[in-house]
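K.L.:
Quick one: the structure is below, questions incoming.
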Amino acid sequence: MSKSFNGKDIGAAAQRVAEAFVANTERFNKLDAAGGDGDMGTTLSTVSKAILADIAPYGDDVSEAFMRLAKIISKHSGSSLSAVMMTGLMTLSMKTKGQKCADYLDLDALLAEALTAMRQRSKAQLGSKTVLDGVHAISQAVKGLEDAHQVARAAHGAAAETLTAFRDKPAIMGRLRLEPSKGVGSDDPGMVALDVGVAAMTHSAPTYT
């Protein structure tokens, strides 16, 4: 099993995630309507369709692949979630500059760097029941793992477990922060999107159906 990934792998994974996001547009919108504008699915679908329309082959360069995706997001969406995603991708691009491949063993450190930048951009703290809690869980779960199969299994498990762990917790960010109790018993839309995305990325079945 592969112990590293390159820009072509990133491009292929992004295409799979984009297809999954488009397929879940209405589901994401319904989840988001509980405490937001109800347009998260539409936002992710718009960006995803742009990724799918970008058919030029990806090269091996890891940094360029991450930056290419960040630029697509920047061009096609101005939402807060998109801004956080773009920030994470740009950070990953900076941290892999000049690399034709990246080791899975270094993935936890890369995700930790991206998470720091995403937290600064969003002002969200860990434990606030946001997508960042899922990213943090994944970064911890893949620590010390060196091949694609191990990483895929750990990442998917962490995303699913985070959904379960936070389901009965109040929402602290977004509109629901005004009435946190309304978030108890429901899943955060961003966390659900992360679970769906990781499942698509790793060829797994999503936890949320």
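The values are calculated or read from the model by the stated rules, or taken from the named source; none is laboratory data. Remember, predicted model here, so these are calculated numbers, not experimental data. Virtual Cβ from ideal backbone geometry, glycine too; neighbours counted across all protein chains shown. Just so you know, the surface numbers come from the protein's heavy atoms only, side chains and all, with ligands and any DNA or RNA stripped out. Shrake-Rupley method; radii C 1.70, N 1.55, O 1.52, S 1.80 Å.
K.L.:
Checking the condition modelled with pLDDT of 95 or more and closer than 27 Å to Pro170 by Cβ, which residue from Glu19, Glu64, Glu26 passes? Talk me through it step by step, then tell me what you get.
P.N.:
On the way: Glu19 fails: closer than 27 Å to Pro170 by Cβ; Glu64 fails: closer than 27 Å to Pro170 by Cβ.
Residue meeting the stated conditions: Glu26.
K.L.:
Answer yes or no as to whether Ala154 is within 16 Å of Thr202 (Cβ to Cβ), modelled with pLDDT of 95 or more, out of contact with any strand residue (DSSP E or B) (no Cβ under 9 Å at 6 or more places or on another chain) and outside any loop (DSSP other than H, G, I, E, B).
P.N.:
On the way: within 16 Å of Thr202 (Cβ to Cβ): yes; modelled with pLDDT of 95 or more: yes; out of contact with any strand residue (DSSP E or B) (no Cβ under 9 Å at 6 or more places or on another chain): yes; outside any loop (DSSP other than H, G, I, E, B): yes.
Yes: the conditions hold for Ala154.
K.L.:
If we keep just the residues of the stretch 101-138 that are of a type outside the set (A, V, I, L, M, F, W, C) and closer than 20 Å to Asn6 by Cβ, which is surrounded by the most Cβ atoms within 10 Å (Cβ to Cβ)?
P.N.:
Going residue by residue through the stretch 101-138, those that are of a type outside the set (A, V, I, L, M, F, W, C) are 103-104, 106, 108, 113, 116, 119-123, 125, 127-130, 133-134, 136.
With closer than 20 Å to Asn6 by Cβ added as a condition, the list becomes 103-104, 106, 108, 113.
Numbers: Asp103: 14, Tyr104: 21, Asp106: 15, Asp108: 19, Glu113: 16.
My answer is Tyr104.
K.L.:
So how many residues does the stretch 41-82 have that are farther than 24 Å from Ser122 by Cβ, crowded, with 19+ Cβ neighbours inside 10 Å and of a type in the set (A, V, I, L, M, F, W, C)?
P.N.:
So the count comes out to 1.
K.L.:
Do we have Lys129 as basic (Lys, Arg), over 23 Å from Val47 (Cα atoms), at pLDDT 95 or above and in a loop (DSSP other than H, G, I, E, B) here?
P.N.:
Working: basic (Lys, Arg): yes; over 23 Å from Val47 (Cα atoms): yes; at pLDDT 95 or above: no; in a loop (DSSP other than H, G, I, E, B): yes.
So Lys129 does not fit the description; no.
K.L.:
So, of the residues in the stretch 1-49 that are assigned to a helix (DSSP H, G or I) and of a type in the set (Phe, Trp, Tyr), which turns out to be farthest from Ala200 (Cα to Cα)? Can you show your working first?
P.N.:
The first filter runs over the stretch 1-49 and keeps only residues assigned to a helix (DSSP H, G or I), leaving 7-23, 25-33, 40-49.
Next cut, of a type in the set (Phe, Trp, Tyr) only: 21, 28.
Working: Phe21: 9, Phe28: 15 Å.
Looking at residues that are assigned to a helix (DSSP H, G or I) and of a type in the set (Phe, Trp, Tyr), I get Phe28.
K.L.:
Moving on to the next point. I'm trying to understand the selection: among the residues of the stretch 61-78, which are over 17 Å from Ala18 (Cα atoms) and among the polar types (S, T, N, Q)?
P.N.:
Within the stretch 61-78, just Ser63 meets the criteria.
K.L.:
Inspect all residues belonging to the stretch 159-168 and state whether any of them is more than 20 Å from the chain's Cα centre (by Cα) and modelled with pLDDT under 95.
P.N.:
Here is the first cut: in the stretch 159-168, the residues more than 20 Å from the chain's Cα centre (by Cα) are 168.
If we keep only those that are modelled with pLDDT under 95 too, we end up with 168.
Scanning the stretch 159-168 turns up at least one residue that is more than 20 Å from the chain's Cα centre (by Cα) and modelled with pLDDT under 95.
K.L.:
Sticking with this structure for a sec: Yes or no: Ala14 open to solvent by 20 Å² or more (accessible area, probe 1.4 Å) and either within 15 Å of Leu81 (Cα to Cα) or modelled with pLDDT of 95 or more (or both)?
P.N.:
Details: open to solvent by 20 Å² or more (accessible area, probe 1.4 Å): no; either within 15 Å of Leu81 (Cα to Cα) or modelled with pLDDT of 95 or more (or both): yes.
No; evaluated as a whole, the condition is false for this residue.
K.L.:
From the set of residues in the stretch 55-65 that are touching a residue at least 40 places away in the same chain (Cβ under 8 Å) and not in a helix (DSSP H, G or I), which is nearest to Gly11 (Cα to Cα)?
P.N.:
Tyr58
K.L.:
Among the residues of the stretch 10-54, count how many are of a type in the set (D, E, K, R), in contact (Cβ under 8 Å) with a residue 24 or more places away in the chain and within 24 Å of Thr96 (Cα to Cα).
P.N.:
So the count comes out to 1.
K.L.:
Hey, another quick one. What number of residues in the stretch 170-181 are touching a helix residue (DSSP H, G or I) at 6+ places or on another chain (Cβ under 7 Å), at pLDDT 65 or above and either open to solvent by less than 30 Å² (accessible area, probe 1.4 Å) or assigned to a helix (DSSP H, G or I) (or both)?
P.N.:
The first filter runs over the stretch 170-181 and keeps only residues touching a helix residue (DSSP H, G or I) at 6+ places or on another chain (Cβ under 7 Å), leaving 170-172, 176.
Filter once more, so that each one left must be at pLDDT 65 or above: 170-172.
Still in the list and also either open to solvent by less than 30 Å² (accessible area, probe 1.4 Å) or assigned to a helix (DSSP H, G or I) (or both): 171.
Within the stretch 170-181, residues that are touching a helix residue (DSSP H, G or I) at 6+ places or on another chain (Cβ under 7 Å), at pLDDT 65 or above and either open to solvent by less than 30 Å² (accessible area, probe 1.4 Å) or assigned to a helix (DSSP H, G or I) (or both) number 1.
K.L.:
Here's something else I'd like to know. Filter the stretch 80-124 down to residues that are in contact (Cβ under 8 Å) with a residue 24 or more places away in the chain and assigned to a loop (DSSP other than H, G, I, E, B), then give me how many there are.
P.N.:
Qualifying residue count for the region: 7.
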